[in-house]
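The values are calculated or read from the model by the stated rules, or taken from the named source; none is laboratory data. These numbers were taken from a predicted model, which means no experiment stands behind them. Here Cβ is always computed from backbone atoms with ideal geometry, including for glycine, and neighbour counts include all displayed protein chains. Calculation scope for accessible area: heavy atoms of the full protein, side chains included, ligands and nucleic acids excluded. Shrake-Rupley method; radii C 1.70, N 1.55, O 1.52, S 1.80 Å.
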Amino acid sequence: MSDQTVCVIIDGQEVRCPAGCTVYEAATTAGIHIPTFCHHPKLVPVGACRQCLVEVEGMRGLQTACTTPVRDNMVVKVHTSPAAVKARKANIEFLLTNHPLDCPVCDKGGECPLQNQAMQDGPGQSRYVEEKRHKNKRYPLSELIVLDQERCVLCWRCIRFLDEWADDHELDLFGRGADTRIDTFPGRPLRSKWQGNTIDICPVGALTSRIFRFEARVWELTNTASVCPLCGVGCNIVLGVKNQKVRRITPRENMEVNDTWICDKGRFAHGFVDHPDRLKTPLIRRNGKLEPATWEEALDLIAARLNAILQEDGPQAMAALGSNQVTNEANYLLQRFMRVVLGTNNVDHIGRIPTGATPLTSLPGLEHRDVIVLLGCDPSTEAPLVELWIKKAVLRHGARVLVANPHQIELCRYGGPWLGYRPGGEVALLNGLVRAVLDVGAKDQAARAANIEESRSWLKAYTPERVEPLCGTPAAALRQAAEVLVQARRPLFLVGPAWTKGSGEQRAFDALANLTLLLNDAETGFVAGDANAWGALQMGVAPHWYPGQQPCQDPEIRNRLSSFWGTKLSPVPGLDWDGMLPACAQGKLKGMWIIGSDPAHRSQTAGEALKRIPFLVVQDLFMTETATLAQVVLPTASFAETEGTLTNLTGRLQMIRPAKRPPGQARPDWWIITELARRMVESKRQKSWDFASAASVFQEIAKVIPGYRGLSYTTLGEAGWQPAPAQVKARRHLVRVEADPPSADPNYPLELVTGRLLYDRGTLLRRASRIQNLVPSPYVIIHPDTANQFGIAHGDPVWLISSQGQLPFTVLVSDEIVAGTVFVPWNVSDPPVGMLVSEPEGLTRVRLAKQE
């Protein structure tokens, strides 16, 4: 839209507006009501409903306000034109001739534009007494949405959203005249992960949720602003609660995060909040069996046992696991408890952000990138709103998407190229890209590295033809990717958790830094898959970091925090999760506290190690596999029942708020930690643990973390707060990083690749019944060459075997995966795929065998 403004006269009122805007937009800005059904501020105007007809002087006939651009000194009549008023009334009367008058049972009742406009702009009564036309009612379009074709006013909003934003052309209009109807294509059910947004933008009750349907009237709901906890984006949402039960979730606009959309997982998978399986009372193991107990009994027992371990074995015999799923306040208090009360740095969390990773600086900024490179990252399943912003860049600005992944993902459909590779080949792939970029870009790229001539000598070994056998990436795809990158003006690299598994954190990021240096210091951003991955790290839930990623080995920082917390902090390096596992197995750890995490589900090795801990405390929503091993289990409040903050993948702090009471005796994580601490510290130090609310915990966090000074829940507000991007000193030298592909194992010749599906059978989603109907049966994807190697055909039942065990799957043969690898989705099989994995963050080798 132009920066210039024009003056328009609307119903005698002078309105100054940007040149290029529409009459509807100008009138709305001035507070002049123009009714409409098809117009939506996030969609391209089409003028389909004809409800916004106005009179424009000098133009013949009535005009649609939503498609007519303004011009200087234009005179528009909205409510002062008898012809326009009559036409709008007639239009509503025509719509109501066949629209069913079922408002008392329609879910849209109370927030329905048709209701409002019939009252405000309609004739007030109908002259039509004949039988209405009938179409399909209660017509399921998918597992999640039901359509009432009789209510549809043919506004095209649902079709346009799926086309313009999701790029999922799955709805269209069929038939002619009065028989025109909206429907899916024959034999193609609605599968878009964004279909729930069509409910929100439907101006009538034609599209309704099969989960919220007939659950409540909208005016009965208590609405609470919150944040979705199911991925790292942190979409802003509204929790609609009736009778202490979450009935629906709808999006809340935040232009820096999710615009005004949410994915279907975030919208429909809230069944876990009110599921009967929720833990409702503390449990203590008595005579080998977990039995109900009071909070006093459970907390007193934990305090006594931890004090005994502290006296007999010392602080290094205890450890804790925080979580990238719980709030910043809970994570902060957990590390404070371990360091201040128990005197150990043995605190970590699973899925920690790798060293060298940086947050994405902006989600809306994705729209303006011309090349986006996905390294071991699948936004469609791991962070869907990232996918939506990428699609906006592709559809509106022609951006290119390069995908480096062992198997093809949804975003590969935009032409790629797809840089398929075998896990462990990440460094070889990046070195090959560096070499190819130098070959294609010549002087421009070479001039950016001070030691380019020296580096050319070791890069000679990474021609595309030599890289192909090292990592499996076709030479032609490597060259094509290099040509795209050299031409890029605003490239961005998005790194996923899978990228560093095969080559190690430091080597993978050093190799990536070489490539970004040649591309004018292109930005990189780490796409964290969990709701508070950045927050857990920022709160100090790591053995080598205090809150704010202040190093534990810095004496000045340690002394300052010792003074603030009122105790001397240990200088002894702590154990990370990889160090805790062997310590458990060797009997060195006597006590462990795990909050919001299920390591036993992730790997068989972890489960076996945890069994050897004499005193294990687990704090969670459900009786997880890890909880079944515990001596004490504590029930905690969900995101819908507690106050706190989460930090999303751009580093934005956002608030969650309680919308209902926790079930039974479940309590917020922060409350549990403070109550235990007060039982274990001396009476004179109890005041330092006297937190009245999560807000008071955050006040202390703001004092401890330098970058958070002055922050409070009030300053965070509805939209949250995001720090300025950290200034990283640009590197001017290429670092030599040699490829080190994993060695082959003739007994297990295939590399296992795992990844998330949008819908799975994880701890939370398995409690959402409608979502479970969308989860596929357990499968393994293999390349045709692998199928020939093992004599296996598409659809065959097979055993997938590793050194840890074997699991049954159905084979899908596809050339959308690199030969020599197999793909199995996480959290779909039962037993879980973790049964095959020894080290979740490392490589797992497998083989296939036909089931007899």
- Query: Going through region 713-735 one residue at a time, which ones are among the polar types (S, T, N, Q), in contact (Cβ under 8 Å) with a residue 60 or more places away in the chain and open to solvent by 80 Å² or more (accessible area, probe 1.4 Å)?
  - Reply: none
- Query: Does region 45-61 contain at least one residue that is of a type outside the set (Lys, Arg), within 41 Å of the chain's Cα centre (by Cα) and not in a loop (DSSP other than H, G, I, E, B)?
  - Reply: no
- Message: What's the number of the only condition in (1) open to solvent by less than 20 Å² (accessible area, probe 1.4 Å); (2) assigned by TED's automatic domain parsing to the domain that holds GLY644 that PRO582 fails to meet?
- Response: (1)
- Message: Condition first: open to solvent by less than 40 Å² (accessible area, probe 1.4 Å) and among the β-branched types (Val, Ile, Thr). Now tell me which residues in region 274-316 satisfy that.
- Response: THR281, ILE284, ILE302, ILE309
- Where residues in region 467-489 are open to solvent by 10 Å² or more (accessible area, probe 1.4 Å) and of a type in the set (Val, Ile, Thr), which of them is farthest from VAL386 (Cα to Cα)? VAL486
- Query: When you scan region 112-151, how many residues do you find that are surrounded by 13 or more Cβ atoms within 10 Å (Cβ to Cβ), modelled with pLDDT of 90 or more and among the charged types (D, E, K, R)?
  - Reply: 7
- Message: Just to verify a result, which residue in region 668-699, among those that are acidic (Asp, Glu) and either at pLDDT 95 or above or at positive phi (or both), is surrounded by the most Cβ atoms within 10 Å (Cβ to Cβ)?
- Response: ASP669
- Message: Being in a helix (DSSP H, G or I) and touching a Phe, Trp or Tyr at 6+ places or on another chain (Cβ under 7 Å) is the filter here; which residues of region 538-560 pass it?
- Response: ILE557
- Task: Search region 386-429 for residues being part of a helix (DSSP H, G or I) and out of contact with any helix residue (DSSP H, G or I) (no Cβ under 8 Å at 6 or more places or on another chain), and hand back the single one that is surrounded by the fewest Cβ atoms within 10 Å (Cβ to Cβ).
- Result: ARG413
- Qualifying residues in region 490-502 (those that are assigned to a loop (DSSP other than H, G, I, E, B) and modelled with pLDDT under 90) - the one surrounded by the most Cβ atoms within 10 Å (Cβ to Cβ): GLY502
- Conditions: (1) at pLDDT below 95; (2) open to solvent by less than 10 Å² (accessible area, probe 1.4 Å); (3) under 24 Å from the mean Cα position of the chain (by Cα). ARG602 meets all but one. Number of the miss? (2)
- Could you tell me whether VAL76 is touching a residue at least 40 places away in the same chain (Cβ under 8 Å), crowded, with 17+ Cβ neighbours inside 10 Å, more than 30 Å from ALA166 (Cα to Cα) and among the β-branched types (Val, Ile, Thr)? yes
- Going through region 503-527 one residue at a time, which ones are in a loop (DSSP other than H, G, I, E, B), out of contact with any strand residue (DSSP E or B) (no Cβ under 8 Å at 6 or more places or on another chain) and either over 20 Å from LEU478 (Cα atoms) or not hydroxyl-bearing (Ser, Thr, Tyr) (or both)? GLY504, ASN520, ASP521
- Message: Here is a check on your reading of the model: is LEU101 under 42 Å from the mean Cα position of the chain (by Cα), open to solvent by 20 Å² or more (accessible area, probe 1.4 Å) and of a type in the set (A, V, I, L, M, F, W, C)?
- Response: yes
- Task: Considering every residue within region 771-785, establish whether at least one is among the aromatic types (Phe, Trp, Tyr) and under 28 Å from ASP264 (Cβ atoms).
- Result: yes
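Listed here are the residues, each with its yes/no results for (1) out of contact with any Ser or Thr (no Cβ under 7 Å at 6 or more places or on another chain); (2) of a type in the set (Phe, Trp, Tyr); (3) touching a residue at least 40 places away in the same chain (Cβ under 8 Å).
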site: THR224; (1), (2), (3): yes, no, yes
site: VAL241; (1), (2), (3): no, no, yes
site: LYS265; (1), (2), (3): yes, no, yes
site: ALA269; (1), (2), (3): yes, no, yes
site: LYS289; (1), (2), (3): yes, no, no
site: GLU296; (1), (2), (3): yes, no, no
site: LEU306; (1), (2), (3): yes, no, yes
- Query: Is region 152-164 home to any residue that is under 21 Å from CYS103 (Cα atoms), touching a helix residue (DSSP H, G or I) at 6+ places or on another chain (Cβ under 7 Å) and open to solvent by 40 Å² or more (accessible area, probe 1.4 Å)?
  - Reply: no
- Query: Restricting to region 168-189, what's the tally of residues that are assigned to a loop (DSSP other than H, G, I, E, B), open to solvent by less than 40 Å² (accessible area, probe 1.4 Å) and modelled with pLDDT of 95 or more?
  - Reply: 2
- Query: Looking at region 749-764, is at least one residue open to solvent by 60 Å² or more (accessible area, probe 1.4 Å) and without any contact (Cβ under 8 Å) to a residue 24 or more places away in the chain?
  - Reply: no
- Task: Those residues that are touching a His at 6+ places or on another chain (Cβ under 7 Å) and among the charged types (D, E, K, R), I need them from region 118-166; list them, please.
- Result: GLU150, ARG151, ARG157, ASP163
- Message: Out of the residues in region 608-626 meeting the condition of being touching a residue at least 40 places away in the same chain (Cβ under 8 Å) and not in a loop (DSSP other than H, G, I, E, B), tell me which one is surrounded by the fewest Cβ atoms within 10 Å (Cβ to Cβ).
- Response: PHE615
